[in-house]
Amino acid sequence: MSPTSRIQRAILSVTDKTCLVDFARTLSALHIELISTGGTAKLLRDSGIVVKDISELTGFPEMLDGRVKTLHPKVHGGILHRRDDPKHVAAVAEHGIAPIDMVVVNLYAFEKTAAKPGVAFDELIENIDIGGPSMIRSAAKNFRDVAIVTSPADYGVIAAELERSGGTLSLATKWRLAQKAFATTAAYDSAIASTLERVTDETFQLQPEGGTFPQILRFSFHKTLDLRYGENPHQKAAMYSDGSGAGVANARQLQGKELSYNNIVDLQAAWDVAQEFDAPVCAIIKHTNPCGTATGKTLAEAYRRALECDPVSAFGGVIGVNRPVDGEASEEMHKLFLEVIAAPAFDEAAKATLASKKNLRLVEVVSARQKWVLKNVSGGMLVQESDFRPLQDADLQVVTKRAPTPEETRALLFAWKVCKHVKSNAIVYARDGQTVGVGAGQMSRVDSAKIGAMKAQLPLEGTVAASDAFFPFPDGVEEIARAGATAIIQPGGSQRDAEVIDAADRLGLAMLFTGVRHFRH
């Protein structure tokens, strides 16, 4: 068979039956013989489509509760034989094997089954597809002669090409389908292997995700976007999605220029800060650091308060909020040049207000918790759990002679949540529900304290301060007191904690230890 020979016979055997009937009707109208299995065959017959059972082709019934249906020479011989090899053609003719020119297969929903709470081990095992991957791989290997279709998303394009050409597919199309097919079986096997690593050999129970890291780290992501460039114009870049429909990688852009690599990195940082709070909150991000974060009774109030923190740095920033953007908030945001606004939604008034800013990206994000944080190192990769450690009341320890007032405590807890998202070394000055000064990314903690105070546009007197890690010397505490702060929250754990506490007492500061560090390198 040449790469452009007409398709005469197709096997259809799918778990996901989306759009299958319409696709099968197109094939049938082109006089392509349809062969099918089990539930797929029943659906097609019930829809009035003529289809032959796989058992008619093989001469064997479906066996072993459906475990054996397509594992037969008349299936795989029909798929795998090379049409341009006389020996292959003679061999299949000798054994009465008919050519199969198209395979339409998608696989048992193993990942969906594995995600079910309390799924039984036997159910998990029975949802490991054997015949499907075998047919996919056979067809993909013999792509010059056989078209392999693994996704309902491809039905429309393939049907259109078949109708235009009178029942043929180009070699380029078949190669594209084969590439997708091998990626499909690779991802499927990866999901099985990763899941079964969580099954103990003592009880054969699927353990919850987390705990120990897998011996082999497997990922399967699909490219969703080719970016113009990476962090800098000379670096190529792309974005990949896990296909979950949630998180920044699966966000829906409503308007604006295409997102850049740096936009997406800042968008993630803004979204992470916004997800820390229950009250309406706005985080304004520049170069992954929050230059202003605030809560409010409304989103508009939260935005105005966040902007007050550092209106100079906010210019050209990326905003993350935890409420749908409404008309009032959008009117305020419209006044400033912004790169991206990320929100759970935008109401019609907001869309209308912001539509005039043609380049402003509006992005709707569905919340998703990142399981792991990955960092490349030469020759490998570092993997850690995401930093979702919530602060408990039991974590808080008053270590100074003076305890913080209720107002100071609220401000300290607010500052602590923001400080977690500032590049280390990090010092955040704040009032209740509003950052005042942010010192980020310095090699010395005392320098971060100085820079945070220097950046403040609002009065520092009466603020509190959060530190992402302990103070190695009293000088950082002294600098914070000099700026006008009255209370500090920090992890503690320094060899000089006693000296640091003494300095706080001498300066009349209240200090809380959390026992939790939030480095962000």
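For the chain, what relative contact order do you get, as a whole percent, if you take Cα pairs closer than 8 Å and at least 6 residues apart? Show your work: numbers first, answer last.
Working: 1071 pairs, mean separation 45.0, N = 521.
Contact order relative to length: 9 percent.
The residue list VAL273, GLY230, GLY167 was ranked by how far each Cα lies along the charge dipole of the chain toward its positive end, using unit charges on Cβ atoms, and GLY167 comes out on top. Placing a pseudo-label 7 Å from each Cα along the Cα-to-Cβ vector at ASP502 and THR203 gives an inter-label distance of 5.3 nm.
Which of the three applies to segment 156-245, rounded, prolate or oblate, going by the alpha-carbon gyration tensor with a ≥ b ≥ c and a/c under 1.5 meaning rounded? Walk me through the intermediate numbers first.
Values: a/c = 3.45, a/b = 1.49, b/c = 2.31.
The shape class here is oblate.
Between the listed residues VAL436, PHE513, ALA411, the Cα displaced farthest toward the positive end of the dipole of segment 393-513, a dipole computed from Cβ unit charges relative to the Cα centre, is found at VAL436. Listed by chain and number, the lysines whose alpha-carbon sits under 19 Å from that of LYS69, ignoring those within fewer than 8 places in the same chain, are LYS17, LYS42, LYS52.
What's the extension gain from SER170 to ASP84 if we count 0.36 nm per residue and subtract their Cα-Cα distance?
Working: separation 86, 0.36 × 86 = 30.96 nm, distance 1.66 nm.
Here the segment from SER170 to ASP84 would lengthen by 29.3 nm.
Mind jotting down the distance between the C-alpha centroids of segment 312-348 and segment 137-199, whole Å? Using only Cα atoms, the two centres lie 42 Å from each other.
Cross-link pairs exceeding 31 Å between alpha carbons, from the set LYS141/LYS223; LYS257/LYS375; LYS116/LYS351: LYS116/LYS351. Based on C-alpha pairs under 8 angstrom that are at least 6 apart in sequence, segment 1-122 has a relative contact order of 31 percent.
Of all DSSP beta bridges in the chain, what percent run antiparallel (nearest 5)?
Antiparallel bridges: around 55 percent, rounded to the nearest 5.
Starting from the Cα gyration tensor of segment 245-364, take the square roots of the eigenvalues, sort them a ≥ b ≥ c, and report rounded, prolate or oblate (rounded when a/c is under 1.5, otherwise prolate if a/b is larger than b/c, else oblate).
Details: a/c = 1.21, a/b = 1.08, b/c = 1.11.
Rounded, because the longest to shortest axis ratio a/c is under 1.5.
For the chain, the dipole from Cβ point charges (+1 on Lys and Arg, -1 on Asp and Glu) about the Cα centre works out to 1360 debye, to the nearest 20.
Per residue, how much accessible area does the chain have with a 1.4 Å probe, in Å²? Mind showing how you got there, number by number?
Details: 25340 Å² over 521 residues.
Accessible area per residue, the chain: 49 Å².
How much net charge surrounds LEU360 when only other residues with a Cβ under 13 Å from its Cβ are counted (Lys, Arg +1; Asp, Glu -1)? Can you show the working numbers first?
Working: positive: LYS257, LYS335, LYS351, LYS357, LYS358, ARG361; negative: GLU258, GLU339.
Overall, the nearby charge balance is +4.
In loop segments of segment 220-298 as defined by DSSP, the GluC sites (Glu not before Pro) with at most 15 further C-beta atoms inside 10 Å of their C-beta are GLU231, GLU258.
Give the carbon-plus-sulfur fraction of the accessible surface of the chain in %, rounded to a whole number; probe 1.4 Å, heavy atoms of protein chains only.
Using a 1.4 Å probe with all protein chains present, the chain comes out at 53 percent carbon and sulfur.
Across the chain, the volume of the C-alpha convex hull divided among the residues equals 202 Å³ per residue. Can you tell me how segment 393-513 classifies by the Cα gyration tensor, rounded, prolate or oblate, using a/c under 1.5 as the rounded cut? Rounded.
The values are calculated or read from the model by the stated rules, or taken from the named source; none is laboratory data. None of these values were measured; they are calculated from a predicted model. Methodologically, a virtual Cβ is constructed for each residue, glycine included, from the backbone with ideal geometry; neighbour enumeration extends over all protein chains shown. With ligands, DNA and RNA removed, areas are computed over all heavy atoms of the protein, side chains included. Shrake-Rupley method; radii C 1.70, N 1.55, O 1.52, S 1.80 Å.
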